[in-house]
There are 2 protein chains.
Amino acid sequence: MNTRVKPGPPGKIKIMNAFSRLMEVKDFQSITTSEIAGNAGVTEGLIYKYFTDKKDLLHQVLHQHFAAFQAGIEAGIQEKQTCIEKLKAIVFASLDSYARNRVLARILLLEVRNSLSYFESGAYAMVKTYARTILDIIREGMETGELRPDMDPFLLQKVILGAIEHTCLKQVIFDKKIDVAAASGGIVDIIFNGVKHHGCH
Amino acid sequence: MNTRVKPGPPGKIKIMNAFSRLMEVKDFQSITTSEIAGNAGVTEGLIYKYFTDKKDLLHQVLHQHFAAFQAGIEAGIQEKQTCIEKLKAIVFASLDSYARNRVLARILLLEVRNSLSYFESGAYAMVKTYARTILDIIREGMETGELRPDMDPFLLQKVILGAIEHTCLKQVIFDKKIDVAAASGGIVDIIFNGVKHHGCH
DNA sequence: TTTTGTAAGTAAGTTTCACTCACCTTTGGA
DNA sequence: TCCAAAGGTGAGTGAAACTTACTTACAAAA
């Protein structure tokens, strides 16, 4: 497993592109290998020259999409100074990426998690790095005093990731557009300021 | 579609139980119909007397598990007075149910969302009711002044659901136990009080 | 008691689809 | 020019989801 994703020969690229295109319209299960091959203009057998599995193809396509996603995130937080600003940027960039790239969102949120092989794939390694980035920012914020020091950083990480993902679910399942700026602003406001109403300040 | 879940004939019950048992150990994809039949002590063909599909079987089993889950939730919030207490109870009860019933959690969080037929199933209708309950409590809290009136109730709903689900993911994927009380308390604290650090109060 | 209609269950197909394998074709260096 | 390796083909295979024609059990009407 854990096959690296290299640009590779034209056939491989055509297969990945064809599959990616098909994933925009149908779910993984209902895409057949012959459909992929036909759409790519190659034969079915070629798929198995470059991918060990139909699932491996899925994982490599996810890897490819996620690499761009990850690069965008890291570019977005580079310029930010405070941890809060960084987390805000991550929430926005994540929602924005999922909204722009439906295939990425659908693969990541709906298709891969049901099989163990995903968690041994290179794609999952990237996702772990992304999650780790968030955790590190949280820890830094707790040390500098930006964030409350009396909480479990892992839990905040899960709340943030969960909020991002669940916000995208409706969009990605029912193909509904969301207002990324509003959603991201709202989520950040809820998580940073809390939802309890106090008369004071 | 939308086949109702009735107790039904012994064969149907045996099939559902066998499938449920298998789901504790393996994922949906790698459970075969002959395996289900063998385990249930019936023939393969009988499955298709009671279920239109292998997926329909999955949905009906989910429906069954979720009915118990839903009943527990509603019993848990009945006695609570404030909206905040109600939401706390829901978070705790949800995490607790997922922790206790791995099959329910695995089906709901990992297996069903990738196919459209789920969203036409009776199981999904129940899940919508559950989500609706949370939304109604939030709205009530915003009206009574318990919760801030200046936020999008849908977003808070998504943050809560997302936090619950993401907290269960590691547990359900890697079979790790979590401290339900600690996790639920932490999530509630983060969402209600916020994570920003203020010197004041 | 006999008939009969229906629900429960069986067993042997059929089809579809992921995956394999033995075989061609092109290309770029020694 | 030769050859090795990489790119690509297409017919074939096995397994698994689903079908269909059939049998058995069983309760209520005649």
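Here is the link list: A:LYS54/A:LYS128; B:LYS80/B:LYS170; A:LYS54/B:LYS55; B:LYS26/B:LYS176; A:LYS177/B:LYS86; A:LYS88/B:LYS176. Which ones come out longer than 25 Å on Cα distance?
The pairs that break the limit, which is 25 Å between Cα atoms, are B:LYS80/B:LYS170; A:LYS177/B:LYS86; A:LYS88/B:LYS176.
Once each part is reduced to its C-alpha centroid, what is the distance from region A:75-134 to region B:32-84 in angstrom?
So the separation of the two Cα centres works out to 32 Å.
With the contact rule set at Cα under 8 Å and sequence spacing of 6 or more, what percent relative contact order holds for chain A?
With pairs under 8 Å counted, the relative contact order is 23 percent.
Do any GluC sites (Glu not before Pro) in region B:61-135 lie in a DSSP loop with no more than 14 other beta carbon atoms within 10 Å, and if so, which?
In loop regions of region B:61-135 (DSSP not H, G, I, E or B), the sparsely surrounded GluC sites (Glu not before Pro) are B:GLU79.
Mind checking which of B:ASP96, B:ASP56, B:ASP179 has the largest fluctuation in a GNM of chain B, springs on alpha carbons under 10 Å?
B:ASP179
Find the all-direction average of the projected area of the Cα convex hull for region B:103-201, expressing the result in square nanometres with one decimal place.
It is 8.5 nm².
Near A:LYS170, within a Cβ-to-Cβ distance under 9 Å, what is the net charge of the other residues, with Lys and Arg +1 and Asp and Glu -1?
Every neighbour counted, the sum reads +2.
Using just the helices of chain A, give the 222 nm mean residue ellipticity in deg cm²/dmol: DSSP H runs with n ≥ 4 each add -39,500 (n - 2.57), and the total is spread over all residues, rounded to 500.
Counting only the DSSP helices, I get -22000 deg cm²/dmol.
Just how many % of Cα pairs in the protein assembly as shown lie over 38 Å apart, if you round to the nearest whole percent?
The share of Cα pairs beyond 38 Å in the protein assembly as shown comes to 23 percent.
With 10 angstrom as the radius, rank A:SER121, B:SER117, B:SER30, A:SER97 by how many other C-beta atoms surround their C-beta, starting from the fewest.
By the 10 Å Cβ count, ascending: B:SER30, B:SER117, A:SER97, A:SER121.
Against the globular-protein guess of 2.2 N^0.38 Å, express the Cα radius of gyration of chain A as a ratio, rounded to two decimals.
Dividing the Cα Rg of chain A by 2.2 N^0.38 Å gives 1.16.
Would you kindly work out, in nm and rounded to one decimal, the distances from the label point of A:GLU140 to those of the same position in each other copy, ordered shortest first, with label points 7 Å along Cα-to-Cβ?
When each copy's label point is compared with this one, the spacings are 4.3 nm.
Just to check I understand the Karplus step: with θ = phi - 60° and J = 6.51 cos²θ - 1.76 cosθ + 1.60, what whole-Hz values come out for region B:78-87, glycine and proline as x?
These are the phi-based 3J(HN,Hα) values: 4, 7, 6, 8, 8, 5, 4, 4, 4, 5 Hz.
Neighbouring Cβ atoms within 10 Å as the yardstick, rank A:VAL195, B:VAL188 fewest first.
B:VAL188, A:VAL195
Given Cβ point charges of +1 (Lys, Arg) and -1 (Asp, Glu) and nothing else, what value in debye, to the nearest 20, does the dipole of region A:127-201 about its Cα centre take?
The calculated dipole for region A:127-201 is roughly 280 debye.
May I ask you to evaluate 6.51 cos²θ - 1.76 cosθ + 1.60, the Karplus curve with θ = phi - 60°, for each residue of region A:142-154 and list the ³J(HN,Hα) values in order in whole Hz, giving x for glycine and proline?
Working through the residues one at a time gives 6, 6, 6, x, 5, 10, 4, x, 9, 9, 7, x, 4 Hz.
How big is the dipole moment of the protein assembly as shown about its Cα centre under a simple scheme where the beta carbon of each Lys and Arg is +1, that of each Asp and Glu is -1, and everything else is neutral? Debye, nearest 20, please.
That gives a dipole near 960 debye.
Out of every Cα pair in region B:34-152, what percent are spaced more than 23 Å from each other?
44 percent
Since every read-out is calculated from the coordinates, none of them should be taken as a lab result. This one's a predicted model, so the numbers in the text were calculated from it and none came from an experiment. Using ideal geometry, Cβ is built from the backbone for each residue, glycine included, and neighbour counts are taken over all protein chains shown.
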